[in-house]
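**Student:** Pasting a structure below so you can have a look.
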Amino acid sequence: MGAEAFRAGRVVLLGPPNAGKSTLLNRLLGQKLAIVTAKPQTTRSRILGVLTLDHAQMSLVDTPGLHTGERLLNARLNAQVHEARAQADVALLLVDRTGPFGNAHRELLEGLRRDGVEVLVVGTKLDAAPGRDWPPAELPGDVPAVSVSAQTGEGVDALLAEITRRLPESPPLYDPDTLTDRPVRWLAAELVREAAFEELEQELPYRLAVQVLEFDERREDLVRIRAQLLVERESQKRIAVGKGGAVVKRIGSRARREIEALVGCQVFLDLRVKVDPTWHKSERRIEA
């Protein structure tokens, strides 16, 4: 009996905001790559994570949830979703098991099937809805569906097996040691943005960006980072800075701990807040 054929391909995670895409990506990779907060629509950029197994390599692509609104940021996020979908060998359509199978799921499913993409519907948050009927009655009977808990890991091995079965036979697309195509500098900026989401309230987290001005890793035991939070108005700056700088200090401390876990050494983070009314109109800063 011959050796099992190696399989490799692009696996795109799709679904409405807060369906658990980033949390599932981190669980599949076995480490934190995508930022995760309790607020919806935290993910702003496509994130690639490479998982290499004995007989398969999955290029896992986390995507933003589809956004409404006419700002360039919203349009760019939606374009990322459609671009990733068009390049998928397998699409994972994530459905939060604690909620309904809604119009957004139906539209995504219909589009994927129309494009001839292999679809696997994944019910997330199994630990939060263990007794709920699955798959949902609204799902066509010929569409395969599985359930997972990214928190506990239940169902993850079965999900990986289902994905592997659907990948094309192919040699690895990336070196087995590759985790992502994003540089550490970009990942650090995302961790600063995650901290801002956690520390700031209401709409302000959605109205800011992070710009890394300096990322110095010449020393093995210390990484020096100079970064700034970009906000649109002076009133937003006052909130982000806080009385006596308390808020920006909390954001910096939270981000520094996460960045230290990422780079494996001490981090010095100099974080400031700057008003830039046009940051959301810049393609470079949206992608940064």
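The values are calculated or read from the model by the stated rules, or taken from the named source; none is laboratory data. Given the structure is predicted, the values throughout are model-derived calculations rather than measurements. Because the Cβ atoms are built from the backbone with ideal geometry, glycine has one as well, and the counts that use them run over all protein chains shown. Areas reflect the complete protein model, heavy atoms only, side chains present, ligands, DNA and RNA absent. Shrake-Rupley method; radii C 1.70, N 1.55, O 1.52, S 1.80 Å.
**Student:** Within the range 1-26, take every residue that is closer than 20 Å to Arg166 by Cα and open to solvent by 30 Å² or more (accessible area, probe 1.4 Å) and give me the one that is nearest to the chain's Cα centre (by Cα).
**Tutor:** Arg10
**Student:** Now a separate question. Any residue in the range 267-279 that is part of a strand (DSSP E or B) sitting within a Cβ distance under 9 Å of a residue that is open to solvent by less than 50 Å² (accessible area, probe 1.4 Å) and among the hydroxyl-bearing types (Ser, Thr, Tyr)? List the pairs, counting only those 6 or more apart or interchain.
**Tutor:** Between residues of the range 267-279 that are part of a strand (DSSP E or B) and residues that are open to solvent by less than 50 Å² (accessible area, probe 1.4 Å) and among the hydroxyl-bearing types (Ser, Thr, Tyr), the close pairs are Leu269/Ser253.
**Student:** Given (1) over 15 Å from the mean Cα position of the chain (by Cα); (2) of a type outside the set (Val, Ile, Thr); (3) over 24 Å from Val122 (Cα atoms), where does Leu159 come up short, assuming only one miss?
**Tutor:** With (1) over 15 Å from the mean Cα position of the chain (by Cα); (2) of a type outside the set (Val, Ile, Thr); (3) over 24 Å from Val122 (Cα atoms) applied to Leu159, the lone miss is (3).
**Student:** In addition: Hey, Gly153 hits all of (1) surrounded by 14 or more Cβ atoms within 10 Å (Cβ to Cβ); (2) out of contact with any Gly (no Cβ under 8 Å at 6 or more places or on another chain) but one; which does it fall short on?
**Tutor:** Result: Gly153 fails condition (1) only.
**Student:** Next question. Starting from the range 144-168, take each residue that is without any contact (Cβ under 8 Å) to a residue 24 or more places away in the chain and list its partners that are among the aliphatic types (A, V, I, L, M) and in a strand (DSSP E or B), counting only C-beta distances under 7 angstrom and pairs at least six apart or across chains.
**Tutor:** As it stands, the answer is Ala158/Val146, since those pairs meet every condition given.
**Student:** Looking at the range 169-204, which of its residues are aromatic (Phe, Trp, Tyr) and either under 16 Å from the mean Cα position of the chain (by Cα) or exposed (fewer than 14 other Cβ atoms within 10 Å of the Cβ) (or both)?
**Tutor:** Answer for the range 169-204, where residues must be aromatic (Phe, Trp, Tyr) and either under 16 Å from the mean Cα position of the chain (by Cα) or exposed (fewer than 14 other Cβ atoms within 10 Å of the Cβ) (or both): Trp186, Phe197.
**Student:** Please determine whether any residue of the range 173-185 is in a helix (DSSP H, G or I) and either in contact with a strand residue (DSSP E or B) (Cβ under 8 Å, 6 or more places away or on another chain) or touching a residue at least 40 places away in the same chain (Cβ under 8 Å) (or both).
**Tutor:** Yes - at least one qualifying residue is present in the range 173-185.
**Student:** Follow-up. State whether the residues of the range 221-242 include one that is of a type in the set (Asp, Glu), more than 30 Å from Ala91 (Cβ to Cβ), open to solvent by less than 70 Å² (accessible area, probe 1.4 Å) and touching a Gly at 6+ places or on another chain (Cβ under 9 Å).
**Tutor:** Within the range 221-242 (the criterion being of a type in the set (Asp, Glu), more than 30 Å from Ala91 (Cβ to Cβ), open to solvent by less than 70 Å² (accessible area, probe 1.4 Å) and touching a Gly at 6+ places or on another chain (Cβ under 9 Å)), the answer is no, since none of the residues qualifies.
**Student:** If you take the residues in the range 27-38 that are open to solvent by 50 Å² or more (accessible area, probe 1.4 Å) and on the phi < 0 side of the Ramachandran plot, which one is modelled with the highest pLDDT?
**Tutor:** If we take residues in the range 27-38 being open to solvent by 50 Å² or more (accessible area, probe 1.4 Å) and on the phi < 0 side of the Ramachandran plot, then Arg27 is modelled with the highest pLDDT.
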